[in-house]
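Asks: This is the structure I want to talk about, given as structure tokens.
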Amino acid sequence: MIAELRSKSQVTIPKPLIEKLGLSAGDKLEIFEDKGMICIIPVVVYPNGYVDEILEDVEKIRRDVKAGLQPVFNNVDDLIASLNGDDQ
């Protein structure tokens with residue numbers, strides 16, 4: 001597919017690529033040059049502190065597991081059975 005560079009340095013990404021990649025208006029794209037090629041990669045941008053909050057949650061769960069406060073399942077079937085109330 002060929003795209004045209006417009007006067008304001010804009011390029012339209014062909015619709016078949018947009019559909020194939022599941023992109024939509026407002027998605028963030030990282031654009032960089034690598035060995036003479038223009039690379040465009042979809043990215044997810046998280047709010048400040050989001051990853052830190054997740055890491056804190058993971059650490060709390062680890063402490064709870066170690067203390068026996070967090071249930072541990074041997075497999076996904078056991079987890080689902082517990083969620084369905086079948087573990088009693």
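The values are calculated or read from the model by the stated rules, or taken from the named source; none is laboratory data. These numbers were taken from a predicted model, which means no experiment stands behind them. Here the Cβ positions follow ideal geometry from the backbone for every residue, glycine too, while neighbour counts run over all protein chains shown. Areas reflect the complete protein model, heavy atoms only, side chains present, ligands, DNA and RNA absent. Shrake-Rupley method; radii C 1.70, N 1.55, O 1.52, S 1.80 Å.
Asks: Which three extents, in angstrom, do the Cα atoms of the chain have along their principal axes, listed largest first?
Replies: Here the spans come out as 66, 28, 25 Å, largest first.
Asks: Right, something else. Please find, in a Gaussian network model of the chain (springs between Cα atoms separated by less than 10 Å), the residue of VAL44, VAL11, VAL65 whose mean-square fluctuation is greatest.
Replies: VAL11
Asks: Additional query: Report, to the nearest whole %, how much of the accessible area of the chain belongs to carbon and sulfur atoms, 1.4 Å probe, protein only.
Replies: Answer for the chain: carbon and sulfur cover 55 percent of the accessible area.
Asks: Ok, one more. Eight or more residues apart or on different chains, and alpha-carbon atoms under 27 Å: count the Lys pairs in the chain matching that.
Replies: Lysine pairs satisfying the spacing and distance rule in the chain number 7.
Asks: On average, how much accessible surface per residue is there in the chain, in Å², for a 1.4 Å probe, leaving out ligands, DNA and RNA?
Replies: Accessible area per residue, the chain: 94 Å².
Asks: Between ASP57 and GLU4, what is the spin-label point distance in nm, taking each point 7 Å from the Cα along the Cα→C-beta axis?
Replies: So the two model labels end up 4.7 nm from each other.
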